[in-house]
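Novice: The following block contains the structure, expressed as structure tokens.
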Amino acid sequence: MADKKKRRRTDSDSDSQPFKHLLKSDEQILQVLKSFSSSFASSSTSKPLTLADLSLASTCREVSDLPLSSVQSNIESLVLQLAHQILSGQGFSFTVPSRASTNQLYVPELDRIVLKDKSTIRPFSHISSVRKTTITTKILSLIHQLSLKNIHVTKRDLFYTDVKLFQDQMQSDAVLDDVSCMLGCTRSSLNVIAAEKGVVVGRLIFSDNGDMIDCTKMGMGGKAIPPNIDRVGDMQSDALFILLVEKDAAYIRLAEDRFYNRFPCIIVTAKGQPDVATRLFLKKMKTELKLPVLALVDSDPYGLKILSVYGCGSKNMSYDSANLTTPDIKWLGIRPSDLDKYKIPEQCRLPMTEQDIKTGKDLLEEDFVKKNPAWVEELNLMVKTKQKAEIQALSSFGFQYLSEVYLPLKLQQQDWI
């Protein structure tokens, strides 16, 4: 009688958590992960390709990290050029590298987007560009001040130096990227940072401005990713992989369940759209620790777009893609094929809007998607079924289904693309 009750309870658990019966022991899954991680580390020993190694038909531009003295010198040289320009009767104008989509190029060998060398003229004398030229001058002046004082400010601080001129922070942010491109340096080199957004938890120890941080002892909230990547060093880890999570809710679930102790890993999230600090931090972890990166995003076009920003770069900041991109990120889930494979209930699936479908079709035209046939297949399925789902859809099988069944089974089966 007791055996029947026990069997009935086990059957009930299996029904409420489908596919749990397929799970092998943690030790067996760990063996799979160790083999995968070791294989990845061996393949990461070769020096990565750079633009200089390729003979491209188009001339492309890239920026680099510059010391403050060089940033200061570049600004002063630019101002001298402007003075000569004005004195010679040519007027006051900036030559600004174009960051338009027509001036972008996807390089398959590098698996990232780069910026071509086309530039535009931004004259002070023209009514359509006088304000933007004024904003550019103001930003250059502020950056010069920062380089002299050797201090950091946030993008918000920069905006509030002249709210009436900038009007909207998006405008000062856009010109900041232009200035970075003009000076040939990364945005980090300008000493302008974004507010802290991303967080990390798990099997990682690193120094932050001299203080040693153990990310296994940072509680459920984890450690905020420092906005200034120059402060970060001495990375140490016994993790087998990095788990990149799109959303805060899934991150909190995994952190609270201490998923990183069951399967040694580092869990990181930017809580949605990737910010520069998180992208730089992810690149640094992968490069220094030689760990594979597996991504957990929503099953919708925007989840894949977020994944592509981490992997191939954003068109907005293609001039700095060499520093901001982390190539060869594996798409772990949630993928469109998972909706039926894991029997996600209909009430947990959402119909795609017309805009969703358009975004999905546009992604299918992108070279970085076309390069991966498995991604194309998944995206075609999404557009065909017109269904999407968030990571939280797995909670219909229990709040801990993500950490107890879905992810362990994915890792066991090496089900990533």
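The values are calculated or read from the model by the stated rules, or taken from the named source; none is laboratory data. This structure is a prediction, so every number in the text was calculated from the model and none was measured. Counting neighbours? That spans all protein chains shown, and the Cβs are built from the backbone with ideal geometry, glycine included. Just the protein is used for accessible areas: all its heavy atoms, side chains included, with ligands, DNA and RNA removed. Shrake-Rupley method; radii C 1.70, N 1.55, O 1.52, S 1.80 Å.
Novice: Zone of Thr154 (label point 7 Å along Cα→Cβ, backbone N under 18 Å): which residues in the stretch 269-284?
Specialist: So the set is 270-279.
Novice: When the chain is fully extended, how far beyond the present Cα-Cα distance does Leu56 get from Leu364, taking 0.36 nm per residue of separation? Provide the component values of the computation, followed by the final result.
Specialist: Numbers: separation 308, 0.36 × 308 = 110.88 nm, distance 2.43 nm.
108.5 nm is the gain from fully extending Leu56 to Leu364.
Novice: Which value in deg cm²/dmol, rounded to the nearest 500, describes the helix-derived mean residue ellipticity at 222 nm for the chain, given -39,500 (n - 2.57) per DSSP H run of n ≥ 4 and division by the residue count? Working shown, then result.
Specialist: Details: 17 runs with 180 residues, N = 417.
Result for the chain, helices only: -13000 deg cm²/dmol.
Novice: With θ taken as phi - 60° and the coefficients 6.51, -1.76 and 1.60, list the Karplus ³J(HN,Hα) couplings across the stretch 186-199 in order, rounded to whole Hz; mark glycine and proline as x.
Specialist: 5, 5, 4, 5, 7, 6, 10, 10, 8, 4, 4, 9, x, 9
Novice: For the stretch 318-330, take each phi angle, set θ = phi - 60°, evaluate the Karplus expression 6.51 cos²θ - 1.76 cosθ + 1.60, and give the result in whole Hz per residue in order, putting x for glycine and proline.
Specialist: 5, 5, 10, 5, 4, 8, 9, 9, 10, x, 6, 7, 8
Novice: Continuing with this model, one more query. Between (i) 23.9; (ii) 35.5; (iii) 22.1, which matches mean projected area of the Cα convex hull in nm² calculated for the structure shown?
Specialist: Structure-derived value, by its label: (i).
Novice: Please give the length that would be gained between Ile121 and Val79 if that part of the chain were fully extended, namely 0.36 nm times their separation in residues minus their C-alpha to C-alpha distance (nm, one decimal).
Specialist: Gain on stretching Ile121 to Val79: 13.6 nm.
Novice: When the Karplus curve 6.51 cos²θ - 1.76 cosθ + 1.60 is applied with θ = phi - 60°, which whole-Hz ³J(HN,Hα) does each residue of the stretch 104-114 get, with x for Gly and Pro?
Specialist: 9, 9, 8, 9, x, 4, 9, 6, 7, 8, 10
Novice: Over 26 Å between Cα atoms, which of Lys286/Lys410; Lys116/Lys370; Lys116/Lys164; Lys330/Lys358; Lys330/Lys388 qualify? Present the calculation step by step, with values, prior to reporting the outcome.
Specialist: Values: Lys286/Lys410 21 Å; Lys116/Lys370 21 Å; Lys116/Lys164 33 Å; Lys330/Lys358 24 Å; Lys330/Lys388 20 Å.
Where the Cα-Cα span goes over 26 Å, the pairs concerned are Lys116/Lys164.
Novice: What are the aspartates and glutamates whose alpha-carbon lies under 18 Å from the alpha-carbon of Lys217, with same-chain residues fewer than 8 places away excluded?
Specialist: Qualifying aspartates and glutamates at Cα under 18 Å: Asp208, Asp234, Asp238, Glu256, Asp257.
Novice: Right, something else. Using only Cα atoms, locate the centre of the stretch 197-233 and the centre of the stretch 60-120, then give the distance between them in Å, rounded to an integer.
Specialist: So the two Cα centres are separated by 34 Å.
Novice: With only alpha-carbon atoms counted, please give the Rg and Dmax of the stretch 54-193, in Å.
Specialist: Computed over the Cα atoms of the stretch 54-193, radius of gyration and Dmax are 15.7, 46 Å.
Novice: Continuing with this model, one more query. Take Asp214, Asp320 and sort them by solvent-accessible surface of the protein heavy atoms, 1.4 Å probe, largest at the top.
Specialist: So the residues, ranked largest to smallest area, are Asp214, Asp320.
Novice: Follow-up. Can you report the principal axis dimensions of the stretch 194-413 using only the alpha carbons, biggest first, rounded to whole angstrom?
Specialist: Computed over the stretch 194-413, the largest-to-smallest principal extents equal 52, 42, 30 Å.
Novice: Under a point spin-label approximation (7 Å from Cα along Cα-to-Cβ), what is the Thr95-Arg258 distance to one decimal in nm?
Specialist: My value for the distance between the label points is 6.0 nm.
Novice: Taking amide H atoms as placed 1.01 Å from N in the peptide plane, list the residues 5 or more away in sequence, or in a different chain, whose amide H sits under 5 Å from that of Lys388.
Specialist: It is Leu350, Met352, by chain and number.
Novice: Using the alpha-carbon centroid of each, what span in Å lies between the stretch 16-41 and the stretch 251-286?
Specialist: 19
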